[in-house]
1. Looking at (1) over 18 Å from ALA90 (Cβ atoms); (2) open to solvent by 50 Å² or more (accessible area, probe 1.4 Å); (3) in contact (Cβ under 8 Å) with a residue 40 or more places away in the chain, which one does ASP45 not meet, given that it meets all the others?
2. Identify the single condition in (1) touching a helix residue (DSSP H, G or I) at 6+ places or on another chain (Cβ under 6 Å); (2) modelled with pLDDT under 90 that ASP51 does not satisfy, given that it satisfies every other one.
3. Could you give me the residue pairs with C-beta distances under 8 Å whose first residue belongs to the stretch 146-158 and is under 18 Å from PRO116 (Cβ atoms) and charged (D, E, K, R), whose second residue is in a loop (DSSP other than H, G, I, E, B) and at pLDDT below 70 wherever it lies, and which are 6+ apart or on separate chains?
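The values are calculated or read from the model by the stated rules, or taken from the named source; none is laboratory data. Just so we're clear, the structure is a prediction, and the values are computed from it rather than from any experiment. Reconstructed Cβ throughout: ideal geometry from the backbone, glycine too, with neighbour counts over all protein chains shown. Quick note on the areas: whole protein, heavy atoms, side chains included, nothing else; ligands and nucleic acids left out. Shrake-Rupley method; radii C 1.70, N 1.55, O 1.52, S 1.80 Å.
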Amino acid sequence: FADEEPVDPAALRDHHVTAVLVAHDGHRWLDRTLESLAALDRRPDRIVGVDTGSRDDSERRMVGSLGAHSVITAPPSTGFGAAVQKGVDAADDRLVGAAAGDRTAWIWLLHDDCAPRPDALRRMLETAVRRPDAGVIGPKVIAWRDTGQLLEIGLTVTGSGRRHTGLDKREYDQGQHDDRADV
């Protein structure tokens, strides 16, 4: 946003990010996802891939891109939340002082069918610097094939427990949700 002051790049280094990429039979999308992660202008400090019993070559593709030491497996019945926890646990088990001290720890949740833009992580961390009291920061999520269609601009849960995006069905991005709001 043009009205926001630039963030000192040194401030971004104070934020340690572990990305957890969960895949399940994601062959169709995974190459684009891995290419997008490699093209980030601010890369995560660690990336852990979690394959949940894929029958395709998702695990092999993640190993080829991230390295065998960065990919773990879980049973096919593992849900997204449990897979993320396994990824965080694996990352923490391998941590040797990299996030020690006063660095802020963030977990970036990714699925095999996401392709973040090159500036996605940097922009989320810039928001973290500007709003140090934030506990969750999320991007605008657009459709895979139709990059003008909005899928999420944040979530809320209704009193009855239903997920609510605040978007109309097939709403297109015209900058109408580009404001940032604390919730």
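1. (1)
2. Condition not satisfied by ASP51: (2).
3. Listed by first residue and then by second, the contacts come to GLU152/LEU167.
This table checks each residue for (1) under 26 Å from ALA128 (Cα atoms); (2) touching a Lys or Arg at 6+ places or on another chain (Cβ under 9 Å); (3) of a type in the set (Ser, Thr, Tyr).
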{"site": "ASP8", "(1), (2), (3)": "yes, no, no"}
{"site": "LEU12", "(1), (2), (3)": "yes, yes, no"}
{"site": "HIS16", "(1), (2), (3)": "yes, yes, no"}
{"site": "ALA19", "(1), (2), (3)": "yes, yes, no"}
{"site": "HIS27", "(1), (2), (3)": "no, yes, no"}
{"site": "ARG32", "(1), (2), (3)": "no, no, no"}
{"site": "LEU37", "(1), (2), (3)": "yes, yes, no"}
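Table: residues versus (1) touching a His at 6+ places or on another chain (Cβ under 6 Å); (2) in a loop (DSSP other than H, G, I, E, B).
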{"residue": "GLU5", "(1), (2)": "no, yes"}
{"residue": "LEU37", "(1), (2)": "no, no"}
{"residue": "ASP56", "(1), (2)": "yes, yes"}
{"residue": "PRO76", "(1), (2)": "no, yes"}
{"residue": "ALA82", "(1), (2)": "no, no"}
{"residue": "ASP89", "(1), (2)": "no, no"}
